[in-house]
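The next block holds one structure in the form of structure tokens; read it before the comments.
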Amino acid sequence: MKTLKKIWHWIDDRSGFTEIFGPLLGHLVPPGAKWSYVFGSATLFCLVLQVITGVALSLLYQPSSAEAYQSLQFITHQAAFGNILRGMHYFGASFMIIMVTVHMIRVYLTAAYKFPREMAWISGVLLFFLTIAMGFTGQLLRWDSNGVWSSVVAAEQLGRLPFIGKWAARLLLGGDTIGGHSLSRFFSYHVFIIPAIIFLFVGYHLMLVIRNGISEPPEAGRLVDPKTYRQWYQDMLKSKGVPFWPYAAWRDVLFGAGTIIAIIGFAYFVGPPELTTPPDPAHLNTTPAPDWYMLSIFSLFALMPARIESYMIIIGPTLTIIILLALPFVSNKGERHPIRRPWAVFGSACVVIFVFALFLLGEKSPWSPRFKSKPLTAVNIHSTNPEVMAGGALFYKKGCLYCHRINDQGGYRGPNLTQVGLRLSYGDLTIRIVNGGGNMPAYGGILSKKELTDILAFLQSRK
Amino acid sequence: MNEDTTDEKRRGFLVKLSLGLAGLAAAVAGVPVLAALFAPLIEKTPQVWRNVGLLDDFQIGTTKLVTFENANAEAWAGVTTHTAAWLRRDADHKFTAFSANCTHLGCPVRWEAGAQLFMCPCHGGVYYKDGSVAAGPPPKSLVQYPVRIQKNQVQVQTSPVPITNISA
Ligand code: FES
């Protein structure tokens, strides 16, 4: 025991661990910084897990357009614990995005971005977007048909940038089509470039936490005044502060460890998302869909009026970034307690509800044709009239069923036609089918006279 | 006094020298790095004609998926060198080839032969068989590829992924 102690003293003396990190660990934090403060550190825990599992994955992954898919199959189905490793990286990303979002909302609601912590907010906003960028590029590294098509979608979005759109898209894909360079580029973004920037800003973010201190829990009526705040904060720490380690940190550690265990649990019991078909750009029978954290944006694209879309793709994100970055400059003093800032609470709630609603819609994506719809069965057609039966078959063959529902079969894009015979007359139905309109193609040029009468007979019998 | 100013000058010179040299080294080292990053901007990929089948492989009036190699196919790129297009034989010697990329956000459109429509799985874009928009968010018609017939071979000219710009 004595020798061990001696050895440690020697190491500590020569390396300076205690001398350098002791004061950082023991720095005083305001009392009462309780459970709402754990999300920032939980994000950091997730980041560390992402780095470690990412490095492990890099030992098994082949970052080449030709082989990445096979190497992922290998990781998922053959490598020792490979499936869990992929799952941990996948759910780690999901948890990181959840934690960083909750952390951000908490900071906004308690106005911790106000003087003197403006730079912490700004670097945090950048980190938020970098985290999203990591999630997105990571999804592409799966390099199955979903990944390939997502990269085309990403390039298309960049293409809407004014003036430089085409160039930006080319840079992203590494050429003017998906090809040999595409994956190498995404690999470099996901593994080197974005992580390097993240490390830089995480370091800076943490340095600021130490320098300006953790924000004290807000109290209604206690205003932030830039002239006196720093002095007041120092005095408060001196009289009431507690050492960060271990009296405040235990919550971070407990919650962080819980988060990691939850991630491992998901990885073990749910597992990583299955790969879709191989990354052959000539394989078109795929339905690309983004990971859940991108689903809201995916829905937005489907729901936005097409006329404003090009502008929204550019202006929306730009405006969001500007507003977020401008926040601490617009309001950097005064009230902090959410009770006294009802609009902040209301606004945050609106954003959360909006994003969540879009997410739920995206899960269902009612705007997409249901290619998987099965032909109508005799039970669903329920008629022996040959015209009606022919019409029922045509209703599937002509793609109507992809968008309309009959009983419990079909899509959601157009109105449910189970009882359309009660609602619309023969004439109305004819006009709608022939002329189309709204999101209905004009079937006038597609159907023969006979086909049209059959379909009409079928629809008329739906009562 | 005199010695001090010389020293001062000397120091100033050395500072400038070190900064200048460091700047030069950084600039030179940066050339290949930036070249790797921005190469796709200066590389010109020639558009080439690719055989997609014999004339007799295509029936008049039907639309078929054809696969071919893209213009700058690296030998090591595996299946990602493939590209696809929808090719329809309109008449004896008349073909139309449509890009498989939706003009909305680039998802792969499918030809639904029964419905005679191209449909996009992503946000419900639909196109008529001439490529014009029938429904959904796509801002413009499907892009067409040039097609020609050479000695009984149908050929499609490779094209970049069509990128829709903001004015569309
Ligand atoms: S990509 Fe085709 S509808 Fe959006």
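Per-structure values
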quantity: Cα gyration tensor of the range A:26-364 - equivalent ellipsoid semi-axes, whole Å, descending; calculated: 38, 25, 17
quantity: Which of A:309, A:19, B:8, A:451 is most accessible, then next, and so on - probe 1.4 Å; calculated: A:19, B:8, A:451, A:309
quantity: Chain A: angle of helix A:229-240 to the longest principal axis, Cα-based, in degrees nearest 10; calculated: 70
quantity: Relative contact order, percent, chain A [alpha-carbon distance under 8 Å, six or more residues apart]; calculated: 20
quantity: q = 0.34 Å⁻¹: log10 I(q)/I(0) that the Debye formula gives for the range B:2-41, counting C-alpha atoms only; calculated: -0.97
quantity: Mean Cα-pair separation over length for the range A:142-255, i.e. relative contact order, pairs under 8 Å, 6 or more apart, %; calculated: 11
quantity: Normalised alpha carbon radius of gyration of the range A:308-431 [divisor 2.2 N^0.38 Å]; calculated: 1.78
quantity: Using alpha carbons only: equivalent-ellipsoid semi-axes of the range A:378-460, gyration tensor based, whole Å; calculated: 17, 15, 12
quantity: Calculated log₁₀ intensity ratio I(q)/I(0) where the Debye formula runs over C-alpha points of the protein assembly as shown, q = 0.07, 0.09 Å⁻¹; calculated: -0.60, -0.91
quantity: Efficiency of FRET between residue A:285 and residue A:220 - r from beta-carbon atoms, R0 51 angstrom, step 0.05; calculated: 0.30
quantity: Violating pairs (Cα-Cα greater than 25 angstrom) within the set A:449/B:129; A:450/B:129; A:5/A:34; A:372/A:398; calculated: A:5/A:34
quantity: In nm, spacing of pseudo-spin labels at residue A:230 and residue A:463 (7 Å Cα→C-beta vector); calculated: 8.3
quantity: The range A:378-460 - percent relative contact order, Cα under 8 Å, separation 6 or more; calculated: 35
quantity: Alpha-carbon centroid distance for the pair the range A:396-450 / the range A:32-77, whole angstrom; calculated: 47
quantity: Kirkwood Rh and Cα Rg combined as Rg/Rh, the range B:20-71; calculated: 1.45
quantity: Chymotrypsin sites (Phe, Trp or Tyr not before Pro) lying in DSSP loop within the range A:142-232, provided at most 14 other Cβ fall within 10 Å; calculated: A:163
quantity: Gain on full stretching of the segment that runs from residue A:325 to residue A:59 - 0.36 nm per residue minus C-alpha separation; calculated: 92.0 nm
quantity: Using alpha carbons only: equivalent-ellipsoid semi-axes of the range B:48-158, gyration tensor based, whole Å; calculated: 23, 19, 11
quantity: Hz values of 3J(HN,Hα) by residue in the range A:392-402 - Karplus curve (6.51, -1.76, 1.60), Gly and Pro given as x; calculated: x, 5, 5, 4, 7, 4, 8, x, 4, 5, 4
quantity: Alpha-carbon Rg with Dmax, taken over the range A:1-90, Å; calculated: 21.0, 58
quantity: Solvent-accessible area lost in complex, 50 Å² minimum, residues of the range B:60-89 relative to chain alone, 1.4 Å; calculated: B:76, B:79, B:80
quantity: In Å, descending, principal axis extents of the Cα set of the range A:28-81; calculated: 55, 20, 15
quantity: Karplus 3J(HN,Hα) series, Hz, for the range B:110-124 with 6.51 cos²θ - 1.76 cosθ + 1.60 (x for Gly, Pro); calculated: 10, 8, 9, 4, x, 7, 6, 9, 8, 10, 9, x, 7, 10, x
quantity: Trypsin sites (Lys or Arg not before Pro) restricted to DSSP loop in the range B:1-57 with at most 11 other C-beta within 10 Å; calculated: B:44
quantity: Contour minus Cα-Cα distance for residue B:47 and residue B:165 (0.36 nm per residue); calculated: 40.4 nm
quantity: Loop-resident sites, the range B:35-76, for chymotrypsin sites (Phe, Trp or Tyr not before Pro), counting at most 15 other Cβ within 10 Å (DSSP); calculated: B:76
quantity: Peptide B:134-142, shielding by other chains (average Cβ, 10 Å cutoff); calculated: 5
quantity: With all protein chains modelled, accessible area of residue B:6 [1.4 Å, Å²]; calculated: 80
quantity: Cα convex hull of the range A:194-300 - mean projected area over all directions, nm²; calculated: 13.0
quantity: Solution diffusion estimate, µm²/s, Stokes-Einstein, the range A:290-370, Kirkwood Rh from C-alpha pairs, 25 °C, viscosity 0.890 mPa s; calculated: 164
quantity: Scattering curve values for the range A:283-332, log₁₀ I(q)/I(0), Debye with Cα scatterers, q = 0.16, 0.29 Å⁻¹; calculated: -0.66, -1.04
quantity: Spatial separation of Cα centroids for the range A:1-15 and the range A:308-354, in angstrom; calculated: 52
quantity: Pairwise label distance in nanometres, residue A:48 with residue A:382, each label 7 Å out on the Cα-Cβ vector; calculated: 6.3
quantity: The range A:113-266, Rg to Rh (Cα coordinates; Rh as Kirkwood inverse mean 1/r); calculated: 1.13
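The values are calculated or read from the model by the stated rules, or taken from the named source; none is laboratory data. Source: prediction; values computed, not measured. Glycine also receives a Cβ, built like all others from the backbone with ideal geometry; neighbour counts cover every protein chain displayed. SASA here: full protein model, heavy atoms, side chains in, ligands and nucleic acids out. Shrake-Rupley method; radii C 1.70, N 1.55, O 1.52, S 1.80 Å.
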